[in-house]
Amino acid sequence: MTATNAGQTAQTARVSPTRPRPRTHTTHVRGRLAALILANVGVLAVAAIFVIPLLWVLLASVNRTAGLTVSLPDHWTLDNFRAVLTPETTYRPMLNGVILCGGAALLTIICATLAGYALSRFKTRYKRPFLLTILFSTGLPITAIMVPVYGLFVQLNLIDTISGTMLFMAATGLPFAIWLMKNFMDSVPVTLEEAAWTDGASRMKTLWYVILPLVWPGISVVAIFTFVGMWGNFFVPFVLLLSPDKLPASVSIYTFFSQYGQVAYGQLAAYSLLYSGPVVILFLFLSRKLGGAFAFGGAVKG
Amino acid sequence: MTTAPPAKLKRAVGQGAPLGPAAVLLLVFLFGPILWSVYAAFTNASLSGAGAAASHFVGLANFKKAFAADGFYNSVVLTLVFTLISAIIGQNALGLMLALWMRKSLRFVRALGGAVVIGAWVLPEVVAGYLWYAFLAKDGSLNHVLSGLGLGTQDWLFSLPIVAVSIANIWRGTAFSMLVYSAALSDIPLEIEEAAQVDGASGWRRLVSITLPMIRRSIMTNLMLITLQTLSVFGLIFTMTRGGPGTKSQTLPLYMYEQAFSFGNLGYGTAIAIMLLLVGAVFSLIYLRALDVDTR
Amino acid sequence: MHLGLGLGLGLTACSGSSSGGNTSGGNATIKVAYQQFGEGKVMANFLAGVKTEFEKANPGKKIQLLPLVASENDYYTKLALMLRSPSTTPDVVYEDTFLINSDIKASYLKPLDSYLAKWPAWGQFVDTAKGAAKAADGKTYGVPDGTDTRGLWYNKHIFAKAGLPANWQPKTWVDVLTAARQIKAKVPGVTPLNIYASKAAGEATSMQGFEMLLYGTPNQLYDAKSSKWVVGSKGFLDALGMVKTVFGEKLTPSPQDATDANLGNTISQQWLPQDKIGIALDGSWVNNTWQSTGPKPWPQWSSVMGEAAMPTQNGEAPGKVSLSGGWTWAISNKSANADLAWKFISELQTEKNAANYAVAGTQIAVRKDVAADPTYLKANSETPVFTDVVKVTQYRPAYPEYPQISNQIQVAMESVMTGQQTPKQAQQVYDEAVKGIVGPDKTTTQ
């Protein structure tokens, strides 16, 4: 990297008599090398620090007598996994979670895409305050409104329904999603649509065939942010769902806490690994499609 | 180009129609309950006990109670400290640093670093809480490492609870800032920086005078988003310390939860939630003001 | 303003059609809600068994079991939400004696006196148990199914090393202190005693910690005669003084350990089996941990662990102190099938079923017939002291304000434990807080 770039900079160098004389080629190379090493070492150091807390869940999940301390197991075992991999403990809640969060995320994506499109193209001076209000509402902890939501759901007969809970979770994901999608839509030039209209295409058709292919990276970003948020959400499904066989994995994690607060740590760790699985898989899948995890940031940079 | 009103209206409707589904969801499921909550803040509604059978309008009593309560001020201060340390300084700076370094890193270093940092981010909150609880416990990994290096050990969750949860939150949320800044930095043409370097500007100088101003917009957006997200963090702190020891890490969301659900004082709890929103509004206004000034 | 209120709370209170059909004849379903905690299948299995019997004996009547998977607080929240509306309310609910008064005040529960008067088994219940679910209006709202007690677990290995007797029974607080001091002197590296005193331990601090001390003094937390909360009592001060002494002399876990929310687990799963703690003031359920199906199987526990009742302060009658929690079966006020719901409860509490549950759930019996039942006796022979002490056990003043008062107790305990305040200062803070919670006219001195 250093050799080739040095050549380029030589071409773009500006020399001015009042400035200190430019550094020579060798100091350039040395300086750059030092910077490179620092960068790489820095990242690795941070990664090393970040990995340490993860050690607990990895070690405890294969430890028969796991406690809260991080220690190499005396008895290595896969029993913890075996114990939790039952339909009741893992399979059904995970499936419920996938349906609930997947469905809600899908709904959010659809509504946010449409809304983002409208907001992007709509000319009105109320747009900025409206968007800011939307953004600002993401600061509200959802636990605060769960009681009136429960009442509302009873009224609408949506209590204890997966579909009802899905609608609510979609609604809570909308503010951030709309804001993201609007940003993406902004980067699609209107001229493309206008070209399609002069060709006689309807608005909806334009959206589907012209716009969507261009913003699907944005859709992926919304997908991952929304799904990650919903997957970890305990309180909403806990309040709105009554039947135990409808509960998602975020709620059933409490099966590991017994009456007097006694926790089965080994199983908790094993379950945590399984529970984190879907979000990790989704993330890997989407980032591969986008050409690297770092494309996710593009949505938000504003 | 005079357009007859019907056509203009038609176009407005056409443009606005796609907002429909989102608007319905938002109004019914979000703003409706929020309005009820705002109303409830002025009553003595409760989940159980006398206030549940019949609640009364109590005007500003809940708000007055908050301002008179030590617990409230404690929560506000802790929330500000938590947000400052973990979001405004922690995640922001670390994310930026990582993004800057990763621009220059080898491919596999970038992939490895990215994977670990992002892994911490996607992990569910409850799990992250337990991880950090184990990490910071008296005979947890951190103390093992420290004693291995010959440094003193402490019971971090006891002595510095708000700092402990702040660091856990940095761990959890840095990925977001890192991704945002990576994308923002990738927009900066390399030639500009190299030109400055040839001119003799040091790395630090380049950063402050050239790079940062160019991504100013992203910095403000990022700060606003992570501040709002951090203000409402609940699960992580709850799992790690339950707000303790005592109330030493009881930020506003935890205080609200304790009041509304542990004690059943819904009216009071929602008043707290509203004040949390106001804190968020203040932060947002500050950021927007800063952004506006810059773009002028 | 009631218009707006109707819009809000009306949403929750009076909506939807009620579930289930009519009670007489025909088909009906009743919903039974209970807390599902941990891997424990005890309650689930028990209810499944009773459900089968009931449905066989009552054709056309179905039982729908509703386990609410949640930790303590969330369970109460969920239950309160469900009880607010006829369309979501369960018919039979499992209520903790801790919060039942709160739900009674909210008009969520139905008085059971008319049913109890006609129920022969009610005479078998111990008097204190009958009072567990009695409200301020004098009516009874729940049937207790068992309870727990509290006392002193001690490690005989450590006692032997310290020169203390294997069958230890202290008579006063000073006896407990003496034993702890002796352990400290003779067995270094071991924590002599634990008394829960932190906010993180929650209700354990209030019940196993503070109230086990206070109830051994002549003073009370709540004066039932005048219906007022007690402030400024000597007993309160003495209880805090005891905490100051044991923590000050370092006879207890360090403040760091003591403020850990998981201390209870650490003690039962690690310290006791590993001979690292001498005496633990804790509950009758602790041996659950050591069963083969528990989190820390310990086959030798019954030979290593001894039990002693917690003494009163200076040996005053009755000489022993215990507090009880416990759960009750109640009927929702909005249930459409109250009679059928009652029928199910009485089925749950036939002598045989009650005894079965008491054994499976390691409960202490609250009924004389269950206490005499051979299976029960055999199972509880392993913890004779904890079982015996139910005779003197007391329930908390479980009024709606209790959770907030309990919170203040924990605050006081912790500030004394950490040395931040003297007992006198902590008591002053408590007194002020209580006056703020219930109003000064609801407090009294003793």
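Taking the criterion of being modelled with pLDDT of 90 or more, part of a loop (DSSP other than H, G, I, E, B), within 28 Å of C:THR445 (Cα to Cα) and not β-branched (Val, Ile, Thr), would at least one residue in the stretch C:251-268 satisfy it? No - not one qualifying residue is present in the stretch C:251-268. Kindly indicate the residue of the stretch C:269-295 that is open to solvent by 60 Å² or more (accessible area, probe 1.4 Å) and not β-branched (Val, Ile, Thr) and also nearest to C:ASP175 (Cα to Cα) among those meeting that condition. It comes out as C:LYS276. Which residues, taken from the stretch B:137-168, are in contact (Cβ under 8 Å) with a residue 40 or more places away in the chain and open to solvent by 10 Å² or more (accessible area, probe 1.4 Å)? Within the stretch B:137-168, B:LEU157, B:PHE158, B:ILE162, B:VAL163, B:ILE167 meet the criteria.
Residues that are acidic (Asp, Glu) and outside any helix (DSSP H, G or I) within the stretch C:204-236 comprise just one, C:ASP223. Against the list (1) away from every other protein chain (no Cβ under 14 Å); (2) touching a helix residue (DSSP H, G or I) at 6+ places or on another chain (Cβ under 9 Å), the condition C:ALA330 fails is (1).
Can you name every residue in the stretch A:108-121 that is farther than 12 Å from A:ASN183 by Cα and surrounded by fewer than 24 Cβ atoms within 10 Å (Cβ to Cβ)? Break it down into steps so the answer makes sense when it comes.
Keep residues of the stretch A:108-121 that are farther than 12 Å from A:ASN183 by Cα, which gives A:108-111, A:114.
Selection gives A:ILE109, A:ILE110, A:LEU114.
Report those helices (runs of 4 or more DSSP H) wholly inside the stretch C:368-446 carrying at least 2 residues which are surrounded by fewer than 16 Cβ atoms within 10 Å (Cβ to Cβ). Lay out the reasoning, then the answer.
Numbers: elements: C:368-372, C:374-380, C:384-388, C:402-417, C:423-438.
Ranges flagged: C:368-372, C:374-380, C:423-438.
Of the candidates C:LYS250, C:LYS244, the single residue that is surrounded by fewer than 19 Cβ atoms within 10 Å (Cβ to Cβ), under 19 Å from B:ASP155 (Cβ atoms) and away from chain B (no Cβ under 13 Å) is C:LYS250. Would you say B:SER75 is under 16 Å from the mean Cα position of the chain (by Cα), polar (S, T, N, Q) and open to solvent by less than 30 Å² (accessible area, probe 1.4 Å)? Considered against the rule, which asks whether it is under 16 Å from the mean Cα position of the chain (by Cα), polar (S, T, N, Q) and open to solvent by less than 30 Å² (accessible area, probe 1.4 Å), B:SER75 comes out as yes.
Would you call A:ALA105 buried (at least 16 other Cβ atoms within 10 Å of the Cβ), within 13 Å of chain B (Cβ to nearest Cβ) and modelled with pLDDT of 85 or more? Talk me through it step by step, then tell me what you get.
Values: buried (at least 16 other Cβ atoms within 10 Å of the Cβ): yes; within 13 Å of chain B (Cβ to nearest Cβ): no; modelled with pLDDT of 85 or more: yes.
So A:ALA105 does not fit the description; no.
Which is within 8 Å of another protein chain (Cβ to nearest Cβ) and either touching a His at 6+ places or on another chain (Cβ under 6 Å) or surrounded by fewer than 22 Cβ atoms within 10 Å (Cβ to Cβ) (or both), of B:MET220, B:MET214? Quick ask: steps written out before the conclusion?
Working: B:MET214 fails: within 8 Å of another protein chain (Cβ to nearest Cβ).
Result: B:MET220 is the single residue among B:MET220, B:MET214 that is within 8 Å of another protein chain (Cβ to nearest Cβ) and either touching a His at 6+ places or on another chain (Cβ under 6 Å) or surrounded by fewer than 22 Cβ atoms within 10 Å (Cβ to Cβ) (or both).
Just the residues that are more than 22 Å from C:ASP369 (Cα to Cα) and either outside any helix (DSSP H, G or I) or in contact with a strand residue (DSSP E or B) (Cβ under 8 Å, 6 or more places away or on another chain) (or both), please, taken from the stretch C:104-118.
Looking only at the stretch C:104-118, we keep the residues that are more than 22 Å from C:ASP369 (Cα to Cα), and these are C:104-111, C:114.
Answer for the stretch C:104-118, where residues must be more than 22 Å from C:ASP369 (Cα to Cα) and either outside any helix (DSSP H, G or I) or in contact with a strand residue (DSSP E or B) (Cβ under 8 Å, 6 or more places away or on another chain) (or both): C:ALA106, C:SER107, C:TYR108, C:LEU109, C:LYS110, C:PRO111.
Taking into account only those residues within the stretch B:187-202 that are surrounded by 16 or more Cβ atoms within 10 Å (Cβ to Cβ) and of a type outside the set (A, V, I, L, M), which is farthest from the chain's Cα centre (by Cα)? Per the stated criteria, the residue is B:ASP199. Of the candidates C:THR259, C:THR266, the single residue that is open to solvent by 10 Å² or more (accessible area, probe 1.4 Å) and free of Cβ contacts under 8 Å to residues at least 40 places away in the same chain is C:THR266.
Quick check on B:SER55: is it farther than 20 Å from B:MET240 by Cα and in contact with a strand residue (DSSP E or B) (Cβ under 6 Å, 6 or more places away or on another chain)? Before you say what the answer is, go through the steps one by one.
Values: farther than 20 Å from B:MET240 by Cα: yes; in contact with a strand residue (DSSP E or B) (Cβ under 6 Å, 6 or more places away or on another chain): yes.
Against the criterion (farther than 20 Å from B:MET240 by Cα and in contact with a strand residue (DSSP E or B) (Cβ under 6 Å, 6 or more places away or on another chain)), B:SER55 qualifies.
Taking each residue of the stretch B:199-212 that is touching a residue at least 12 places away in the same chain (Cβ under 8 Å) and looking for partners that are among the acidic types (Asp, Glu) and surrounded by fewer than 16 Cβ atoms within 10 Å (Cβ to Cβ) with beta-carbon atoms closer than 6 Å, six or more apart or interchain, yields nothing. Close Cβ contacts (under 6 Å, 6 or more residues apart or on different chains) running from residues in the stretch C:48-76 that are away from chain A (no Cβ under 14 Å) and over 23 Å from A:THR89 (Cα atoms) to residues that are assigned to a loop (DSSP other than H, G, I, E, B) and modelled with pLDDT under 90 comprise C:GLY60/C:ASN27.
The values are calculated or read from the model by the stated rules, or taken from the named source; none is laboratory data. All values derive from a computational prediction rather than experimental measurement. Positions of Cβ are backbone-derived with ideal geometry, glycine not excepted, and every protein chain shown enters the neighbour counts. Side chains included, ligands, DNA and RNA excluded: accessible areas come from the protein's heavy atoms. Shrake-Rupley method; radii C 1.70, N 1.55, O 1.52, S 1.80 Å.
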